[in-house]
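Before any comments, here is the structure.
The values are calculated or read from the model by the stated rules, or taken from the named source; none is laboratory data. Note that this is a predicted model, so its numbers are computed, not measured. Glycine also receives a Cβ, built like all others from the backbone with ideal geometry; neighbour counts cover every protein chain displayed.
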Amino acid sequence: MGVVVISGGTNGMGRALALGRAERGDHVLVLGRNRERGEALAGGSIAFLPVDLSSVAETRQVVEHILAEYQVVDALTLFANAVAPRRTVTVDGLERTFALYYLSRYLLSFGLRPALDRATGPVIVNIAGVGVTRGGVRWADPQLASGYSVVAAQLQAGRANDLLGVGFAQRSGSRARYVLYHPGFTRSGDRSSLPLVVRGLLAAASVVARPVADAVAPIHQFLDAPPAAPLTAVDRNKRLPPSFVTLDPHDAARLMDLTEKLLA
């Protein structure tokens, strides 16, 4: 029995993982914005903590709450993301996809280190798009003030998460193993914010999409038997080498420096 924290765990793959870990006897803490879904999921060994993870202040408050309530966190799994058809700026002045999909994961990964390091075999699993080589961090304009698109925002934040895994392994000094995991196209996620035409296309494509249970199965394996290496990158069922192009250590160091300045 362990403590598993799941960001973005109120629907899709996050919800499936929460239910699966509870069945295995873990205490599960789900973080999410949708209070109705979260409260419907909570009960037994699943607890729900409402939070807007696109807010730096709220995410930091949640980190402090978890550290105060739980001496040990055995696993942190990071799912929180939302597609934004139009550029939206958070209360912190940050582009929302960047704030939610990347910054919240940075804050939770580094912030929960004290509790993770008390676990016997701590592990962080970051569910994103490792293995995707399109796009990248726009170093001169990471908030996408110009040229915003859904695809550009998602690709940038996905690449930032690749570099977060590398940066965590380089800088955190943590015992936690970091896993970057790309499940592939999965029948998962909330599409309500998308235009009707896009939702229709995704619904049609879901015929060949991976079932949620299949996509979540490797995550259970990472939690049950954390890898030995400080950083592991898996694109669907394929392990990527540390030299993979999106895992560049120089870019990771650059992003960590940029992130520290943004959060200062």
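Numbers for the structure displayed
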read-out: Region 234-245, residues that are in contact with a strand residue (DSSP E or B) (Cβ under 9 Å, 6 or more places away or on another chain) and either within 22 Å of Ala119 (Cβ to Cβ) or modelled with pLDDT under 95 (or both); value: Val234, Arg236
read-out: Flag for Val73 being buried (at least 24 other Cβ atoms within 10 Å of the Cβ), at pLDDT 95 or above and within 15 Å of the chain's Cα centre (by Cα); value: no
read-out: Residue among Asp235, Asp224 that alone is closer than 19 Å to Thr77 by Cβ and exposed (fewer than 14 other Cβ atoms within 10 Å of the Cβ); value: Asp224
read-out: Residue match in region 148-158 (condition: at pLDDT 95 or above, within 19 Å of Ile6 (Cα to Cα) and either within 17 Å of the chain's Cα centre (by Cα) or buried (at least 16 other Cβ atoms within 10 Å of the Cβ) (or both)); value: yes
read-out: Filter pass, Pro183 being surrounded by 19 or more Cβ atoms within 10 Å (Cβ to Cβ), farther than 15 Å from Phe79 by Cα and either touching a helix residue (DSSP H, G or I) at 6+ places or on another chain (Cβ under 9 Å) or modelled with pLDDT of 95 or more (or both); value: no
read-out: Within region 67-106, tally of residues that are farther than 13 Å from Asp52 by Cα and of a type outside the set (Asp, Glu); value: 23
read-out: Some residue of region 98-107 being surrounded by fewer than 17 Cβ atoms within 10 Å (Cβ to Cβ), of a type in the set (A, V, I, L, M, F, W, C) and farther than 16 Å from Ile6 by Cβ; value: no
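Here's the yes/no breakdown for (1) touching a Pro at 6+ places or on another chain (Cβ under 7 Å); (2) free of Cβ contacts under 8 Å to residues at least 12 places away in the same chain; (3) surrounded by 24 or more Cβ atoms within 10 Å (Cβ to Cβ):
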site: Leu112; (1), (2), (3): no, no, no
site: Ala119; (1), (2), (3): no, no, no
site: Ile124; (1), (2), (3): no, no, yes
site: Ile127; (1), (2), (3): yes, no, yes
site: Ser146; (1), (2), (3): no, yes, no
